[in-house]
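Peer 1: Mind having a look at this structure? Questions to follow.
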Amino acid sequence: MEEIHQLIQQRREKLKKLIEMGVNPYPYKFDRTHTSRQVKEQFDELENQTVSVAGRIMSNRRMGKAAFFHIQDMDGRIQIYLKKDVVGDFAFEVYKLLDIGDIVGIVGQVFKTRTGEISILAEKLELLTKSLRPLPIVKEKIVDGKRIVYDPFKDKELRYRQRYVDLIVNPEVKEVFIKRSRIMTTMREFLNERGYLEVETPILQPIYGGASARPFVTHHNALDMKLYLRIANELYLKRLIVGGFEGVYEFAKDFRNEGMDRFHNPEFTQMELYVAYKDYHWMMELTEEMISTIAEKVLGTTKITYQGQEIDLTPPWRRLPLFESIREYAGVDISQADEEQLRKVAKDLGIEVEDSWGSGKIIDEIFGEFVEPRLIQPTFITDYPLEMSPLAKKHRENPRLVERFEPIIAGKEIGNAFSELNDPIDQRERFEAQMELRAKGDEEAQVLDEDFLRALEYGMPPTAGLGIGIDRLTMLLTDQPSIRDVIFFPHMRPEKS
RNA sequence: GGGCCCGUAGCUCAGCUGGUAGAGCAGCGGCCUUUUAAGCCGUUGGUCCCAGGUUCGAAUCCUGGCGGGCUCACCA
């Protein structure tokens, strides 16, 4: 057994004393009448009234036979004033055995202290949970309305590994995740209002598809077969369109077995939407309306700041075909270039081109290098080369292109969409081209899915599809620099035990 | 995977060119019935990430490893 730390030992001893005093350190319930925020917001009516509140002790100032401390609940903190002659001798003895981190229930009268802080004069104090581990102590002071924090708990490794502590101690972290939840709720409402159906599709898939990425592999014991964790749910949602649903969406956890950095986590969340009888032009309008609506409802404005950059999400967003964007930002016209010429152009631009790259990859590189980082204001990049998009429908005016767009904000794509390919013969050819790439060693090339082709052969109506990266959208709308700051439990290597 | 940086008390951090560790907060003991980074007095607490090496002597220098951050590459 590991040695028990002194601070934990001390708390265990207090726990023992409390039990000896007849206090249940882990009771079953507590009836609370108000949250901290309600007490503050309704102070005028509540002054001198009795309320009950509950929360975790976050500060403690004992002064002989009285004490001030703050408790923190779901939506904030409130100060408790404890006087021995009001709360009683026994409760005061209990109080003396409490620590920062303990969870208590308080019944008492609402009042304002001499310095004007809304507080509760405790008449009853009940221990609701004894905490055995010391919390990082973060002190703060409000000066001119600004919160000054002393010794903030900021070690990223500890914060990510022990997110519960991060959430207790850093209120702004909680805010980010509340916003994440509201972003998803608002998006769901937006889609439901339009009559689209929220559905669920398999996470364990015998054939993975819908994106170009490497999958996680797992094994089904009973069937003794390989299964993949989905990299996308696109092909399943389109099967549902075939089945007669005319608008379906899913908030999907996807899994990609690739590198991690501040924009990538091995598991991440995407919202994918498919709507029958629509094309990508229509989907652009829906996208800009949806994102700006979310910003408006969650943040109260469509003008946001991301990492110091001012961004205006108000529709309409700029539409810019891919080749035009490259002409504009890289100064070269490659709309008619073949692979040989592309190779030369890329080299002239200073890009190291690898022999295995096809023209799609080269174009993507030029775009990623010269264009994408400069697209700060929301922009739809449209009309991608055919070979980069095996599931998108050919462009109605140019068969070398597909009808696809990516919304780009703050230099980063936050989604992907197209007029969905519904010609089963064309789809088969595209899959076959992918298989050839795979044979050449491209591990991210897509896999041919016979059942999906069979579904298309029954006939899928013209359909527009959209995927939005929820994590990236949340980063944008909460001004967080890393995807780890918008995922509660980002992937980490195992802790040494 | 490459480069740079980091790992010292529960938390935040000092510890210069080597002499086996220190502060603030928290904790513990004492005083204090409107404090608020409460205050005053006293005080406990460390496998200096791990393993080797150099040295009379390593938190400090070297090598390797582990974990993390940033970044580049890869990657939607």
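Peer 1: Here are the criteria: (1) in contact (Cβ under 8 Å) with a residue 24 or more places away in the chain; (2) more than 33 Å from the chain's Cα centre (by Cα). Tell me which single one A:Gly350 does not satisfy.
Peer 2: That leaves (1) as the condition not met.
Peer 1: Would you point out the residue of segment A:457-486, among those that are among the polar types (S, T, N, Q) and assigned to a helix (DSSP H, G or I), that is nearest to A:Ile381 (Cα to Cα)?
Peer 2: Residues of segment A:457-486 among the polar types (S, T, N, Q): A:463, A:474, A:478, A:480, A:482.
Then keep just the ones that are assigned to a helix (DSSP H, G or I); that gives A:474, A:478.
Working: A:Thr474: 21, A:Thr478: 24 Å.
That would be A:Thr474.
A quick yes/no check of all residues on (1) in a loop (DSSP other than H, G, I, E, B); (2) surrounded by 16 or more Cβ atoms within 10 Å (Cβ to Cβ):
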position: A:Thr218; (1), (2): no, no
position: A:Ala222; (1), (2): yes, no
position: A:Lys226; (1), (2): no, no
position: A:Tyr236; (1), (2): no, yes
position: A:Ile241; (1), (2): no, yes
position: A:Phe245; (1), (2): yes, yes
position: A:Glu250; (1), (2): no, yes
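Peer 1: OK, next. Answer yes if at least one residue in segment A:403-410 is loosely packed, with under 15 Cβ neighbours inside 10 Å, touching a helix residue (DSSP H, G or I) at 6+ places or on another chain (Cβ under 8 Å) and farther than 30 Å from A:Lys303 by Cβ, and no otherwise. Step through it out loud before you land on a result.
Peer 2: Keep residues of segment A:403-410 that are loosely packed, with under 15 Cβ neighbours inside 10 Å, which gives none.
Among the residues of segment A:403-410, not one is loosely packed, with under 15 Cβ neighbours inside 10 Å, touching a helix residue (DSSP H, G or I) at 6+ places or on another chain (Cβ under 8 Å) and farther than 30 Å from A:Lys303 by Cβ, which makes the answer no.
Peer 1: Could we say that A:Phe43 is within 24 Å of A:Ile178 (Cβ to Cβ) and touching a residue at least 40 places away in the same chain (Cβ under 8 Å) here? Full working, then the answer.
Peer 2: Details: within 24 Å of A:Ile178 (Cβ to Cβ): yes; touching a residue at least 40 places away in the same chain (Cβ under 8 Å): yes.
Taking the combined requirement at face value, the residue satisfies it.
Peer 1: Select from segment A:69-101 the residues that are touching a Phe, Trp or Tyr at 6+ places or on another chain (Cβ under 7 Å) and assigned to a strand (DSSP E or B) and list them in ascending order. Before the answer, list the steps.
Peer 2: At the first step, the residues of segment A:69-101 found to be touching a Phe, Trp or Tyr at 6+ places or on another chain (Cβ under 7 Å) are A:79-82, A:84.
A:Gln79, A:Ile80, A:Tyr81, A:Leu82 - these are the residues of segment A:69-101 that are touching a Phe, Trp or Tyr at 6+ places or on another chain (Cβ under 7 Å) and assigned to a strand (DSSP E or B).
Peer 1: Could you list all residues from segment A:161-170 that are over 17 Å from the mean Cα position of the chain (by Cα) and either more than 19 Å from A:Ile483 (Cβ to Cβ) or away from RNA strand B (no atom under 15 Å from the Cβ) (or both)?
Peer 2: A:Val165, A:Ile168, A:Val169
Peer 1: Quickly run through segment A:102-130 and pick out the residues that are part of a loop (DSSP other than H, G, I, E, B), of a type in the set (Lys, Arg) and farther than 20 Å from A:Leu18 by Cα. It would help to see each step written out before you state the result.
Peer 2: If we filter segment A:102-130 for residues that are part of a loop (DSSP other than H, G, I, E, B), which is where we start, we get A:102, A:113-117, A:130.
Those left that are additionally of a type in the set (Lys, Arg): A:114, A:130.
Of everything in segment A:102-130, just one residue is part of a loop (DSSP other than H, G, I, E, B), of a type in the set (Lys, Arg) and farther than 20 Å from A:Leu18 by Cα, namely A:Arg114.
Peer 1: Another question about this same structure. Being assigned by TED's automatic domain parsing to the domain that holds A:Thr293 and either more than 18 Å from A:His70 (Cβ to Cβ) or in a strand (DSSP E or B) (or both) narrows it down to one residue among A:Arg180, A:Arg159, A:Arg133, A:Arg147; which is it?
Peer 2: Details: A:Arg159 fails: assigned by TED's automatic domain parsing to the domain that holds A:Thr293; A:Arg133 fails: assigned by TED's automatic domain parsing to the domain that holds A:Thr293; A:Arg147 fails: assigned by TED's automatic domain parsing to the domain that holds A:Thr293.
Answer to the selection: A:Arg180.
Each row is one residue, and each column tells you yes or no for (1) among the hydroxyl-bearing types (Ser, Thr, Tyr); (2) within 15 Å of RNA strand B (Cβ to nearest atom); (3) out of contact with any strand residue (DSSP E or B) (no Cβ under 6 Å at 6 or more places or on another chain).
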{"site": "A:Arg318", "(1), (2), (3)": "no, no, no"}
{"site": "A:Ala337", "(1), (2), (3)": "no, no, yes"}
{"site": "A:Ala346", "(1), (2), (3)": "no, yes, yes"}
{"site": "A:Ile381", "(1), (2), (3)": "no, yes, no"}
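Peer 1: Restrict the check to segment A:390-401 and report whether at least one residue is more than 19 Å from A:Glu272 (Cβ to Cβ), crowded, with 22+ Cβ neighbours inside 10 Å and either in contact with a His (Cβ under 8 Å, 6 or more places away or on another chain) or not assigned by TED's automatic domain parsing to the domain that holds A:Gln309 (or both). It would help to see each step written out before you state the result.
Peer 2: Quick first cut of segment A:390-401, residues more than 19 Å from A:Glu272 (Cβ to Cβ) only: A:394-401.
Still in the list and also crowded, with 22+ Cβ neighbours inside 10 Å: A:401.
Those left that are additionally either in contact with a His (Cβ under 8 Å, 6 or more places away or on another chain) or not assigned by TED's automatic domain parsing to the domain that holds A:Gln309 (or both): A:401.
Yes, some residue in segment A:390-401 is more than 19 Å from A:Glu272 (Cβ to Cβ), crowded, with 22+ Cβ neighbours inside 10 Å and either in contact with a His (Cβ under 8 Å, 6 or more places away or on another chain) or not assigned by TED's automatic domain parsing to the domain that holds A:Gln309 (or both).
Peer 1: Mind checking which residues of segment A:74-89 are more than 9 Å from RNA strand B (Cβ to nearest atom) and touching a residue at least 40 places away in the same chain (Cβ under 8 Å)? Spell out the reasoning first.
Peer 2: At the first step, the residues of segment A:74-89 found to be more than 9 Å from RNA strand B (Cβ to nearest atom) are A:74-78, A:80, A:87-89.
Listed by number, the residues that qualify are A:Asp75, A:Gly76, A:Arg77, A:Ile78, A:Ile80.
Peer 1: Restricting to segment A:95-123, name every residue that is away from RNA strand B (no atom under 12 Å from the Cβ), more than 21 Å from A:Glu140 (Cα to Cα) and either buried (at least 19 other Cβ atoms within 10 Å of the Cβ) or under 39 Å from the mean Cα position of the chain (by Cα) (or both). Give the derivation first.
Peer 2: Within segment A:95-123, the first condition is being away from RNA strand B (no atom under 12 Å from the Cβ), and the residues that meet it are A:103-107, A:123.
Going one step further and asking which of them are more than 21 Å from A:Glu140 (Cα to Cα), we end up with A:104-107, A:123.
Within segment A:95-123, A:Val104, A:Gly105, A:Ile106, A:Val107 qualify.
Peer 1: Still on this model: Provide a single number: the residues in segment A:124-153 that are of a type in the set (Lys, Arg), within 8 Å of RNA strand B (Cβ to nearest atom) and modelled with pLDDT of 90 or more.
Peer 2: Within segment A:124-153, the first condition is being of a type in the set (Lys, Arg), and the residues that meet it are A:124, A:130, A:133, A:139, A:141, A:146-147.
Narrowing the set further to residues that are within 8 Å of RNA strand B (Cβ to nearest atom) leaves A:133, A:139, A:141.
With the extra rule that they be modelled with pLDDT of 90 or more, the set shrinks to A:133.
Counting residues in segment A:124-153 that are of a type in the set (Lys, Arg), within 8 Å of RNA strand B (Cβ to nearest atom) and modelled with pLDDT of 90 or more gives 1.
Peer 1: Quickly run through segment A:24-59 and pick out the residues that are hydrophobic (A, V, I, L, M, F, W, C) and crowded, with 18+ Cβ neighbours inside 10 Å. Spell out how you get there, then give the answer.
Peer 2: Going residue by residue through segment A:24-59, those that are hydrophobic (A, V, I, L, M, F, W, C) are A:30, A:39, A:43, A:46, A:51, A:53-54, A:57-58.
Correct list: A:Val39, A:Leu46, A:Val51, A:Val53, A:Ala54, A:Ile57, A:Met58.
Peer 1: Restricting to segment A:17-56, what's the tally of residues that are farther than 19 Å from A:Phe111 by Cα, touching a Leu at 6+ places or on another chain (Cβ under 8 Å) and part of a strand (DSSP E or B)?
Peer 2: 0
Okay, residues lined up against (1) in contact (Cβ under 8 Å) with a residue 60 or more places away in the chain; (2) among the β-branched types (Val, Ile, Thr); (3) loosely packed, with under 15 Cβ neighbours inside 10 Å; (4) farther than 18 Å from A:Thr35 by Cβ:
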position: A:Leu128; (1), (2), (3), (4): yes, no, no, no
position: A:Gly145; (1), (2), (3), (4): no, no, yes, yes
position: A:Phe153; (1), (2), (3), (4): no, no, no, yes
position: A:Gln162; (1), (2), (3), (4): no, no, no, yes
position: A:Asp166; (1), (2), (3), (4): no, no, no, yes
position: A:Met184; (1), (2), (3), (4): yes, no, no, yes
position: A:Glu193; (1), (2), (3), (4): no, no, yes, yes
position: A:Glu198; (1), (2), (3), (4): no, no, yes, yes
position: A:Ser212; (1), (2), (3), (4): yes, no, no, yes
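The values are calculated or read from the model by the stated rules, or taken from the named source; none is laboratory data. Computed from a prediction, not measured in an experiment: that's the story for all the values here. Counting neighbours? That spans all protein chains shown, and the Cβs are built from the backbone with ideal geometry, glycine included.
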